[in-house]
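Student: One structure follows; several queries about it will come next.
The values are calculated or read from the model by the stated rules, or taken from the named source; none is laboratory data. The shown structure was predicted, so the numbers you read here are calculated from the model rather than taken from an experiment. Here the Cβ positions follow ideal geometry from the backbone for every residue, glycine too, while neighbour counts run over all protein chains shown. Areas reflect the complete protein model, heavy atoms only, side chains present, ligands, DNA and RNA absent. Shrake-Rupley method; radii C 1.70, N 1.55, O 1.52, S 1.80 Å.
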Amino acid sequence: FPSHDIERHKVSFDWKEKRTQAKNIGFGLNYGKGALSFSEEFGISEEDAQYMIDAYFDLYKGMKAWRDKIIKQALTTGVIKLLSGRKRRFTAAIDWLNSSHSDKVWSAKMLKEEIARQAMNFPVQGGAHEIFEPACIRVSKRFKKEGLKARLLLYIHDGLVGECPVEENQIVSKIMSEELPWTMNKDTRYEITLGVDKDFYKTCW
């Protein structure tokens, strides 16, 4: 965030708020958000919002390079492919953009922006799904194989929520730690945090 703003708010600077903003920028950029959207969401000027975006990409240069590569691939080949081989196709839209009609229509720019948004989002959401859902299946099968009463209830983004009798706590923890760390790319690092709470309604999410 702009250093002059930090200096101006030395005493009352809300780091929790800035952390939330930084997290929202990380997610929002992959959903096609820009400076105007962030300025409205955070209640700041568009100039400061653009400063935050530039700072993010300056710090995560690899992310910027990946985004540019994915967008270029989508707009030139019309296809984005996951590690599994599953594809997201934009061929019909690309054919229209490359036709003699697109430069005469204002919606061509919006279509390019939408293709870029979906192209960036597909490897993130689709890739996570291809890793996470099979993991849920493995965990559920293992519960059944071990004859446990434990069960998965749902998953939220990158988190699993489940329940089990108190006496199954240790074996369930062991199963989760054994079955979840799996990926199609053996070099990918992962981290699992397992939290156990006796009262679902008082869990610190």
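Student: Give all pairs with beta carbons closer than 9 Å in which a residue from the stretch 146-168 that is free of Cβ contacts under 8 Å to residues at least 60 places away in the same chain meets a residue that is of a type in the set (S, T, N, Q) and surrounded by 15 or more Cβ atoms within 10 Å (Cβ to Cβ); count only pairs at least 6 apart in sequence or on separate chains.
Tutor: Note: pairs meeting the criteria are Arg151/Ser140; Leu152/Ser140.
Student: In the stretch 24-38, which residue that is under 19 Å from Glu113 (Cα atoms) and of a type in the set (S, T, N, Q) is least open to solvent (accessible area, probe 1.4 Å)?
Tutor: Across the stretch 24-38, the extreme among qualifying residues is Asn30.
Student: Right, here's the next one. Of all strands (runs of 3 or more DSSP E) completely enclosed by the stretch 86-177, which ones contain at least 3 residues that are in contact with a Ser or Thr (Cβ under 7 Å, 6 or more places away or on another chain)?
Tutor: none
Student: Scan the stretch 42-90 residue by residue and report those that are polar (S, T, N, Q) and more than 29 Å from Pro134 (Cα to Cα).
Tutor: Residues satisfying the conditions are Ser45, Gln50, Thr76, Thr77.
Student: Could you list, in sequence order, the residues of the stretch 43-80 that are surrounded by 15 or more Cβ atoms within 10 Å (Cβ to Cβ) and not in a helix (DSSP H, G or I)?
Tutor: Within the stretch 43-80, Ile44, Gly78, Ile80 qualify.
Student: Also, quick follow-up: With the checklist (1) closer than 24 Å to Gly26 by Cα; (2) open to solvent by 80 Å² or more (accessible area, probe 1.4 Å); (3) of a type outside the set (A, V, I, L, M, F, W, C) in hand, flag the one item His129 doesn't pass.
Tutor: (2)
Student: Still on this structure: Go through the stretch 73-126 and report how many residues are touching a residue at least 24 places away in the same chain (Cβ under 8 Å) and of a type in the set (Lys, Arg).
Tutor: Going through the stretch 73-126 one residue at a time, the tally reaches 4.
Student: Given the options Ala93, Ala65, name the one that is under 22 Å from Tyr31 (Cα atoms), of a type in the set (Gly, Ala, Ser) and modelled with pLDDT under 90.
Tutor: Ala93
Student: I would also like to ask the following. What tally of residues in the stretch 155-171 results from selecting those that are of a type in the set (A, V, I, L, M, F, W, C) and over 27 Å from the mean Cα position of the chain (by Cα)?
Tutor: 3
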